[in-house]
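Input: a single structure, listed below in structure tokens.
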Amino acid sequence: MPRWLRLSNCNAFVVFIFMGACGAMFAWMSYNLINLAMANIHFLSQYGALAIMEGGLMQLVEIILYGYLALAFYLGFKACEHELVDRWLK
């Protein structure tokens, strides 16, 4: 792993700020994804083939990709949390 990606080389305050940013982005994206997914599923179920022709299926793929991005923010949050707890226990 490149040296600049190692959390153990960063100041604890920087890791804490990054953890907060990742947590905030995860929370915002999760809330937004729930609203978008519910609207998309309603659109697809109500209009069927017309919704698919209008791009409803493409929007569903985008929602899934945003879900993976939210997962990446969650993993960033957990990595920072693990690093800070390890520093605190030493």
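A short reminder: the numbers here are calculations on the coordinates, not readings from a lab. Model, not experiment: these values are computed from the prediction. All Cβ positions, glycine included, derive from the backbone under ideal geometry; neighbour counts span all protein chains shown.
May I ask you to derive the FRET efficiency for residue 12 and residue 32 from their Cβ-Cβ distance with R0 = 35 Å, giving the value to the nearest 0.05?
0.70
Neighbouring Cβ atoms within 10 Å as the yardstick, rank 71, 60, 65 fewest first. Show your work: numbers first, answer last.
Details: 71 13, 60 18, 65 10.
If I rank by nearby Cβ atoms, fewest first, I get 65, 71, 60.
Express the relative contact order of the chain as a whole percentage, based on alpha carbon pairs under 8 Å and six or more residues apart in sequence. Mind showing how you got there, number by number?
Values: 54 pairs, mean separation 41.7, N = 90.
Taking the mean separation of contacting Cα pairs over the length of the chain, I get 46 percent.
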